[in-house]
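The block underneath contains the structure these notes are about, expressed in structure tokens.
Please treat every number below as a calculation from the coordinates, not as lab data. These numbers come from a predicted model, not from an experiment. Counting neighbours? That spans all protein chains shown, and the Cβs are built from the backbone with ideal geometry, glycine included.
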Amino acid sequence: MFLLFLAMTQPNGGQGGGGGFGAFLPMILIFVILYFLILRPQAKKQRRHQRMLQDLNKGDRIVTTGGIHGTIVRVNESEKTLIVKVSDDLKLTIDVTAIIRKRGGDGRD
């Protein structure tokens, strides 16, 4: 891609050394395509995940980055932690940022 850019900006390369805005048009198009195919969807996904983290409540079933499945027992907003019930006799304190996703209440993900 960089070599293509260099070839287009050479004075006698391409179509007689057009120069100016026309020389940068392919690079501008590449950045626009990159934005719509990669950057914009990633930003939308990140906003959706952040919204999900803010909406966590007691009773929500969650999955952590380590693969731990559990149910939220308590939310500590000041410390940004959760108490998660993993089994009948095991509760863990987990940082909110370690949550990947919520699980559905009906057993579906």
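Quick check: residue separation of residue 89 and residue 71 times 0.36 nm, minus the Cα distance between them. What number comes out in nm?
Value of the extension gain: 5.2 nm.
Farthest toward the dipole's positive end in the range 57-103, which of 78, 92, 62, given Cβ charges of +1 (Lys, Arg) and -1 (Asp, Glu) about the Cα centre?
Sorting the options by dipole projection puts first 62.
Order of 71-79, 47-55 by packing, highest average Cβ count within 10 Å first?
Values: 71-79: 12.3, 47-55: 10.8.
Answer by packing, highest mean first, reads 71-79, 47-55.
From the backbone phi of the range 74-88, what are the Karplus-calculated ³J(HN,Hα) couplings (6.51 cos²θ - 1.76 cosθ + 1.60, θ = phi - 60°) in whole Hz, Gly and Pro given as x?
Values per residue, Gly and Pro as x: 8, 10, 10, 5, 5, 9, 6, 10, 10, 9, 10, 8, 9, 9, 4 Hz.
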